Every structure is written in C-alpha cells, then in structure tokens.
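Engineer: Before anything else, here's the structure in question.
Read-outs: derived from the displayed coordinates by stated rules, not from any lab. None of these values were measured; they are calculated from a predicted model. Every residue, glycine among them, receives a Cβ derived from its backbone with ideal geometry; neighbour counts consider all protein chains shown.
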Amino acid sequence: MGAASVDYIMFSGYLLLGVAWAASARAAYKRLEQGTKEEAFYRSKIQTAEFYFAKILPRTTSLLQTMLAGPDSLMKIDEEHFVF
C-alpha cells in the first residue's frame, strides 16, 4: 500500500479538482444562459475548466498505471540503500 500511496493521493487530488472544475463550468454555463453583466468572468471559468480537462486531468492516466504497478520494484531495493 505504501508503494502506491503518493500516486493515490495525487490521483485523488486531480480527480477531485476535476469535479470542482466541472461544477464551476456548469455554474458558469448556467449564469451565461440566464444573462449576466460578468460574461467575461464566466467565460474565463469555462476556459480554465477546459484547460484543466485537456492539460492537467490526463495526468491521472500515468498515476493509475503506477498505482497498479505494484510494489515489486520498490521492494527489490535493499533497506541499507535508502541511507544514501
């Protein structure tokens, strides 16, 4: 479990931020549909969410692979080699 813990935390963080950006984008679309004087603000929220989904969230793919890789490569390292 320890071999995957950092990857799991990073994966969870990216995923939760994705949920937050999806909620922000949804709220922004709703405000734009209703009409607002702050159109640029809400469009920037949508654009930032799109950036997050295109450039940041895909990092979860590699984190998922490393989480599932198992501890074998880590466990092969001799304990005394961690002192360097």
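Engineer: Roughly how tilted is helix 59-68, in degrees to the nearest 10 and between 0 and 90, from the longest Cα axis of the chain?
Structural biologist: Long axis of 59-68 versus the principal axis of the chain: about 30 degrees.
Engineer: DSSP loop (so not H, G, I, E, B), at most 13 other Cβ within 10 Å: list which trypsin sites (Lys or Arg not before Pro) in the range 1-53 pass both filters.
Structural biologist: The qualifying sites are Lys37.
Engineer: Towards the positive end of the charge dipole of the chain, with charges on Cβ (+1 Lys, Arg; -1 Asp, Glu), say which of Tyr52, Leu32, Trp21 has the farthest Cα.
Structural biologist: So the residue furthest toward the plus end is Leu32.
Engineer: With labels modelled as points extended 7 Å from the Cα through the Cβ direction, what inter-label distance (nm, one decimal) is found for Ser44 paired with Ser5?
Structural biologist: About 4.0 nm separates the two model spin labels.
Engineer: If you line up the long axis of helix 39-51 against the longest principal axis of the chain, both from Cα atoms, how many degrees apart are they, to the nearest 10?
Structural biologist: 30
Engineer: Further question: Determine the dipole magnitude for the chain: charges of +1 sit on the beta-carbon of Lys and Arg, -1 on that of Asp and Glu, nothing else is charged, the reference point is the Cα centre, and the result goes in debye to the nearest 20.
Structural biologist: My answer is approximately 720 debye.
Engineer: Quick one: P(r) of the chain from all Cα-Cα pairs, 5 Å bins, percents rounded to integers, in order of increasing distance.
Structural biologist: Result, from short to long distances: 3, 14, 17, 14, 12, 10, 8, 7, 6, 4, 3, 2, 1 percent.
Engineer: Just to be sure I understand the model, the point goes 7 Å from the Cα along the line to the Cβ. What's the resulting Ser24 to His81 distance in nm?
Structural biologist: Going from the Ser24 label point to the His81 one covers 4.2 nm.
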